[in-house]
Amino acid sequence: MMSQNQRLRQAITTSQLYRSIFRHDYVDSLRNRALEVTSNIFLHLHPVTIPRHALSVRFTFCLGGLTFFLFLVETITGLLLMFYYRPVPDYAYIDMKTLEYAAQFGVVLRNLHRWGAHLMVVTVMLHMLRVFLTGSYRPPREFNWVVGVSLLVMTLLLSFTGYLLPWDQLAFWAVTVGTNMAAATPFIGAEGPFHEVLGAQPLNDVRFLLLGDMKVGSNALLRFYVLHCVGLPLFAIVAMMVHFWRVRKDGGISRPL
Amino acid sequence: MDSTEVASAPEAAKAPPAGSRAGAPERSASSAAATVFPDLVYKEFLAALLVSILLLVWALAINAPLLPEANPGKTENPAKAPWYFVGLQELLVYFDPWIAGVGIPTLIIVGLMAIPYIDTSHNATGRYTLGERRLAIGHFLFGFALWWVLIVIGEFLRGPNWQIYWPWQSWLVPKSAEEKLWSFPWWLGLPLLAAYFGIGLWLPRRRWPWLYERLGKSRYASAILFTLLLYSVPIKIFLRLLLRVKYVLVTPWFNI
Amino acid sequence: MESTDRVQKLLELTRRELVSRGLAISGWSTFAAVLGTGGLETVRFFYPRVVYQPPSTFRIGPADGFAPNGDDSDAFGVLLVDDRWKSQSRFVVVRERNRIYALSARCAHLGCTVNWFNDLRIFKCPCHGSEYHSNGVNFAGPAPRPLDRLRITVNLDGQLVVDTSVTYGPDRFDIDGAFVSV
């Protein structure tokens, strides 16, 4: 005798709608487990089977996966924040206040975005530590380590560009100091050593390239906004695609020989 | 085939949750392999769930900082970079901006990327071990710890005018002006730097010949150079703190 | 030896081979040139020809408005440091016995705004702890040089005018425009 629940489940899992989405049966069989992964674009990032060793939480601590998860969190919360934000000095700070006082859970959304970014910096650093401690950067995984380092750099750049957007004192001065360091770059920074060799001046040096001006102002805010919301995420997504793909192509996550 | 599987659905549903190790008798092909769905996927799901809870509680409990609107005429005192860059900001006390803000970050990135091309051995891959890779792990952990120590100093011990304030000291009490700094003259600084890198390159080869033999010329040189550069950072910090040295080397074009 | 071999090989090419090789070389060089110019022009795209900035000249009143209370100068010959314009316009006015000049309040290290501490007679930078004497000369912290001085002139009304867009480094502290004699 089938119970009510079982009949309902069968009705759902044999329906045309269900089968059009999942393309395989509900039964727990090795074949269906394989199909669940290979016929699902989100899961097919994974292989069908992995060595049991790779399941150990105390080996990976899920740090790489969590970094990716936090990237998704940042994408979603960031997208929502964009609905209330205008990257112009006259409006940016007011929009932060609007978000705080006039939008439902706006301040929580901003908190999620900010703290999620902090957490992501932590997880990506710890992920690097984990990969180093387990010697997982060694051949044949050298290149993927390089891609990983560039993803770490991109995480930091994403955080840094996002830091300016609230247009408060914290943002303004942190970015003023940060971009003034760029002006100290040898040869291409107006205040760096050997700046006279190429004729670097405040009007044409690398800081001007970043800020679109000689100081942090409306051009800088717009540039950081575009980089934060579109430019850097695009680069990061491409680098992540390479990173994840190479994890599999280089033989899955490392294991003792 | 299809129809029998559909018919057996209720039995499968009665089986223990698909993630448990006892379940899924089909998985007999190799005991060392696990199916990703659901063995891995449920762990990923749980991890994401736990982090979501943590993040949500954090976001509900603590508000992200928002200071007064940006004002170019009034610098916050102290003006701190985001915490992950506070380590670099702390280095600005000891190094010129082109070293602290450009040179050191570039060297960190290039050095990190170079690691797998220097250490190409295969021993102890894929597991945690300290004893078998004492050198590599020791240096890496030193650098990693240095980064965090600098962050902690900059974030928690630096007060107004970027001076050291212990947590129990009030920021309202102004600290007196720093005493005068001095620099090594070039005839002292240049030989010292040359000796540091010269002896640094020569001594390990003399002391551990196998290291040179295993790595070869260029790998050995880059490994040692990156390590020497790593340790030069705390050395410069201590020179500054103990001997009040501003620059180790003064040239007309740049100072180190 | 090797170079004559190369020449020999070139001479042995058929016309078809020569044409195809020439086409390949010119084609790929054009490709590289277009890519290179495109990249360069993309960089130049990020340097706008015009940036809009607020006016950079400030009238700060007649010179006798900077008369010190007493006649006591500090160890650097400075009678008075006036930071009234610091928060709005980022400069301070310094009165020595025989001259008045304007110091940029932009720290010579990384561009934070320095603060004047009248009781200590020093400028301090809140960002990285650089410190300057009352005359703007650095003595502690990471600052590599003294505070910049700004162009200061007397207009026809006898008013002092500070132009924050013209700065003078230490080697030009004594030239005309870097100070006003009183």
Checklist entry - Given 25 °C and 0.890 mPa s, how large is the Stokes-Einstein diffusion coefficient of segment B:190-256 in µm²/s, with Rh as the Kirkwood radius over Cα pairs? => result 184
Checklist entry - Taking a 21 Å limit on the Cα-Cα distance, which of the listed pairs A:Lys97/C:Lys86; B:Lys74/B:Lys246; B:Lys180/C:Lys124; B:Lys180/B:Lys236 fall beyond it? => result A:Lys97/C:Lys86; B:Lys74/B:Lys246
Checklist entry - For chain C, modelled as a GNM with alpha-carbon contacts under 10 angstrom, which of C:Thr37, C:Thr57, C:Thr164 fluctuates the most? => result C:Thr37
Item to check | For the protein assembly as shown: span of alpha carbons on each principal axis (Å, largest first) | outcome: 107, 82, 62
Item to check | Set of segment B:83-122 residues, backbone N closer than 19 Å to the point 7 Å along the Cα-Cβ line of B:His139 | outcome: B:104-122
Next on the checklist: Under a Cβ-only charge scheme (Lys and Arg +1, Asp and Glu -1), can you give me the dipole magnitude of segment A:65-249 about the Cα centre, in debye to the nearest 20?
Outcome noted: 800
Next on the checklist: Please report the spacing between the Cα centers of segment A:94-161 and segment A:192-257 in Å, no decimals.
Outcome noted: 14
Item to check | Stokes-Einstein D for segment C:1-81, Kirkwood Rh over Cα pairs, 25 °C, 0.890 mPa s (µm²/s) | outcome: 117
Checklist entry - Using +1 on the beta carbon of Lys and Arg, -1 on that of Asp and Glu, and nothing else charged, what's the dipole of the protein assembly as shown about the Cα centre, debye to 20? => result 2020
Item to check | Label point distance in nm, C:Thr4-B:Ser52, each placed 7 Å from Cα along Cα→Cβ | outcome: 7.9
Checklist entry - Based on the mean of other beta carbon atoms within 10 Å per residue, what is the order of A:219-226, A:204-211, B:185-192, most packed first? => result A:204-211, A:219-226, B:185-192
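Where in chain B are the DSSP H helices whose alpha-carbon span along the long axis reaches 15 Å or more and whose Kyte-Doolittle mean is at least -0.5?
B:41-61, B:104-118, B:134-152, B:186-207, B:217-243
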Item to check | Shielding score for B:142-150, defined as the mean number of other chain Cβ atoms within 10 Å | outcome: 1
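When a footprinting reagent is the concern and you count Cβ atoms within 10 Å, what order do C:Asp174, A:Asp213, C:Asp74, B:Asp39 take, fewest first?
Listing C:Asp174, A:Asp213, C:Asp74, B:Asp39 from fewest to most nearby Cβ atoms yields C:Asp174, C:Asp74, A:Asp213, B:Asp39.
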Checklist entry - Between C:Val137 and C:Leu40, what length comes free when the chain is fully extended (0.36 nm per residue of separation minus the Cα-Cα distance, one decimal in nm)? => result 30.9 nm
Checklist entry - With each label point set 7 Å from Cα along the Cα-Cβ vector, what nm distance links B:Ser183 and A:Gln16? => result 8.3
Item to check | Nearest 10 degrees, 0 to 90: helix A:4-13 Cα axis against chain A principal axis | outcome: 60
Next on the checklist: Rounded to whole Å, give me the distance from the Cα center of segment B:160-199 to that of segment C:71-117.
Outcome noted: 26
Next on the checklist: Only four residue types carry charge here, +1 at the Cβ of Lys and Arg and -1 at the Cβ of Asp and Glu. Report the dipole size of chain C about the Cα centre in Debye, rounded to the nearest 20.
Outcome noted: 780
Checklist entry - Averaged over B:48-59, how many beta carbons belonging to a partner chain fall within 10 Å of each residue's beta carbon? => result 5
Next on the checklist: Quick check: the angle from helix C:15-45's long axis to the longest principal axis of chain C, C-alpha only, nearest 10 degrees?
Outcome noted: 10
Checklist outcome for this item: Isolated cysteines for the protein assembly as shown, Cβ-Cβ cutoff 4.7 Å, are A:Cys62, A:Cys229
Checklist entry - Which value results when the Cα radius of gyration for chain B is divided by 2.2 N^0.38 Å? => result 1.52
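May I ask you to work out the translational diffusion coefficient for segment A:65-249 at 25 °C, viscosity 0.890 mPa s, via Stokes-Einstein with Rh from the Kirkwood sum over Cα pairs, reported in whole µm²/s?
For the chosen part, D equals 136 µm²/s.
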Checklist entry - In degrees, nearest 10, range 0 to 90: what is the angle between the Cα axis of helix A:169-182 and the longest Cα principal axis of chain A? => result 80
Checklist entry - Taking H as built 1.01 Å from N, whose amide H comes closer than 5 Å to the amide H of B:Ala34, not counting residues under 5 places away? => result A:Ile50, A:Arg52
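Computed from the mean reciprocal separation of all distinct C-alpha pairs, what Kirkwood hydrodynamic radius does segment A:179-257 have, in Å?
Computed over Cα pairs of segment A:179-257, the Kirkwood hydrodynamic radius comes out at 15.1 Å.
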Checklist outcome for this item: Taking the reciprocal of mean 1/r across every pair of different Cα atoms in chain C, the Kirkwood radius in Å is 20.6
Next on the checklist: Quick check: pseudo-label points 7 Å beyond the Cα along Cα→Cβ at A:Leu222 and C:Asp72, how many nm apart are they?
Outcome noted: 5.3
Checklist outcome for this item: When chain A is treated as a Gaussian network with springs between alpha carbons less than 10 Å apart, the largest mean-square fluctuation among A:Val197, A:Val153, A:Val107 is found at A:Val197
Item to check | Mean-position separation - Cα centroids, segment B:89-154 and segment A:1-57, in angstrom | outcome: 44
Checklist outcome for this item: Mean per-residue count of partner chain Cβ within 10 Å for B:125-137 equals 4
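Only the coordinates and a few stated rules stand behind these numbers; no lab work does. Keep in mind that this is a model prediction, so the values were computed, not measured. Quick reminder, even Gly has a Cβ in these numbers, built from the backbone with ideal geometry, and neighbours come from all protein chains shown.
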